[in-house]
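These notes are about the structure you will find just below.
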Amino acid sequence: MRVYKLNVPNIAAKYKESVDRRLRNLEYVWKRGAIEEMWIAFKEDLHNSAKQVCGIMRSDNTRKQRAWWNKELKQQVKMNKTAWRKYLSLRTLEAHEEYKIQRKKVKELVIKSKQMSWEDFGNRMETRNYFSEFSKRSKVIKKILL
């Protein structure tokens, strides 16, 4: 869940309203007095209110995340694939030139993005505790050096 959104005052107020409304609807559970039922109902209400107000984050843990990959690069790669498909279907010199231009643009963007990522990493190494950052990235550095 995106609980960090609760730091925004109007979202925190919406969350509080939602919890209050849900708890008022649960008076029948409170009157029965079963502690386990009360706890489960309370926990579910807090969780559902947070889900409703803050939203849910979906993460794809099956794919590795790269620091240099960004939306602009993704869009350019998509355009590159489109240009390639266009060339394959038309087989014209103009389509091939378009593809080559787009391919070159993507290569330059990847290089620039990777360079910026490494510069950012270097800046973090200088400003933070360098040992913890180094240990996190040691596998990447090992691959580069070997």
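Read the figures in this text as sums done on the coordinates, not as results from a lab. Just so it is clear, the model here is predicted, and its values are computed rather than measured. Neighbour counts run over all protein chains shown; Cβ positions are idealised from the backbone, glycine included.
Couple of notes before you dig in:
- Straight-line cross-link partners of LYS74 among the aspartates and glutamates, defined as a Cα under 17 Å from its Cα and at least 8 positions apart when in the same chain: ASP60, GLU108.
- Charge tally for ASP20 (other residues, Cβ to Cβ under 12 Å; Lys, Arg +1; Asp, Glu -1): +3.
- Phi-based couplings in Hz for the stretch 89-101 (Karplus 6.51, -1.76, 1.60; Gly and Pro marked x): 7, 8, 6, 10, 5, 5, 5, 5, 5, 4, 4, 5, 5
- For the pair THR127 and LYS16 in one chain, pulling the backbone fully straight at 0.36 nm per residue adds 36.1 nm over the alpha carbon distance.
- Residue-count net charge about SER89 - beta-carbon cut-off 14 Å; Lys, Arg +1, Asp, Glu -1: +2
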